[in-house]
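*Asks:* A single structure is presented below for examination.
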Amino acid sequence: MNSYLEMPVALKIYHRSRRILTRFLTIVNACFIGFWLGILPKKLLHLADQDYYNTTKMYCDLTYNKQGLWQWEKQAIETYFQARQSLLLIGAGGGREVYALAKMGYRVDGYECNPKLVEFANQLLSAESLDSKVRLLERDCIPQTETQYEGAIIGWGAYMLIQGKANRVQFLKQLRSVLAVKAPILISFYHHANKGNFYFKAVVTTGNVFRRLFRRDLLEIGDDLSPEFVHYFNQTEIEQELKEAGFELALYGSQEYGHAVGILAR
């Protein structure tokens, strides 16, 4: 009987201690991530990114790259890109999107910064007798071309790999130079709700101690290592970055995977 009466108190202690432990582990993890984001220069973060994609077998797997577009990609393409023919795809990876879009009848020029993925993508496209190709391009850059594309896609999750808001906005501004007026662009990313603000604030607070010490650009809320550098977004951030670069937000989705469509303003 006494044990039964004491259970509610014991459960309260359990739940409270569990919350304390969870918060403590969140702080420890955030400090760990913040430390490495703080001391690793951009060059080494880029190498970490390259190593991740070189060692993750999925991106050089035929079955994976021939499975077509994700449902949210397909819906965005069918809604906003249906009347477009010539597309620019930056961050093409192993060729999944280029392959799928070429099969759908689009003329696609693909670009990718990872040499291993470029080689695999072109082998895939060549084996399927598709005219599209993937070319090597320095990361966070726009190809030098006189072509005016009718639409652009930043490959699955590639936008969130660009470090710093100013650099992302500059990337989008440069993208405008190769797009026709009213051209749609599709970008995808981790949605901000995947992790709480407390975690991100702890990452930034820890990391910026070292960033200031080394006189580097400061981290921003949403920066993370997963395991390569990524940035989590919410709708306000995406809309603001698109607007600053001259695009109007036409779609924001957080179901399945964070994604947005912007329309190039006049």
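*Asks:* If a residue has to be farther than 25 Å from Thr55 by Cα and either among the polar types (S, T, N, Q) or not in a helix (DSSP H, G or I) (or both) to count, how many in segment 94-125 make the cut?
*Replies:* 6
*Asks:* Further question on the same structure: Give just the number: which of (1) farther than 14 Å from Leu89 by Cβ; (2) in contact with a Pro (Cβ under 7 Å, 6 or more places away or on another chain) does Gln170 not satisfy?
*Replies:* Here Gln170 clears every test but (2).
*Asks:* Looking only at segment 68-88, which residues are modelled with pLDDT of 95 or more, polar (S, T, N, Q) and out of contact with any strand residue (DSSP E or B) (no Cβ under 9 Å at 6 or more places or on another chain)?
*Replies:* Gln71
*Asks:* Go through segment 58-93 and give me each residue that's part of a loop (DSSP other than H, G, I, E, B), among the basic types (Lys, Arg) and out of contact with any helix residue (DSSP H, G or I) (no Cβ under 8 Å at 6 or more places or on another chain).
*Replies:* Scanning segment 58-93 gives a single hit, Arg84.
*Asks:* Right, something else. Can you name the residue in segment 34-55 that is touching a residue at least 24 places away in the same chain (Cβ under 8 Å) and more than 18 Å from the chain's Cα centre (by Cα) and is also surrounded by the most Cβ atoms within 10 Å (Cβ to Cβ) among such residues?
*Replies:* Gly34
*Asks:* Among the residues of segment 146-164, write down those that are in contact with an Asp or Glu (Cβ under 6 Å, 6 or more places away or on another chain) and more than 25 Å from Arg96 (Cα to Cα).
*Replies:* Correct list: Gly164 only.
*Asks:* Turning to a different aspect of this structure: Would you check if there is a residue in segment 146-154 being in a helix (DSSP H, G or I) and touching a strand residue (DSSP E or B) at 6+ places or on another chain (Cβ under 8 Å)?
*Replies:* Scanning segment 146-154, I find no residue that is in a helix (DSSP H, G or I) and touching a strand residue (DSSP E or B) at 6+ places or on another chain (Cβ under 8 Å), so the answer is no.
*Asks:* Kindly indicate whether any position in segment 126-145 is assigned to a loop (DSSP other than H, G, I, E, B), without any contact (Cβ under 8 Å) to a residue 24 or more places away in the chain and closer than 25 Å to Lys173 by Cα.
*Replies:* Taking every residue of segment 126-145 in turn, at least one turns out to be assigned to a loop (DSSP other than H, G, I, E, B), without any contact (Cβ under 8 Å) to a residue 24 or more places away in the chain and closer than 25 Å to Lys173 by Cα.
The values are calculated or read from the model by the stated rules, or taken from the named source; none is laboratory data. Please read all numbers here as calculations on a predicted model, not as lab measurements. Cβ sites come from the backbone with ideal geometry, for glycine too, and all protein chains shown count toward neighbours.
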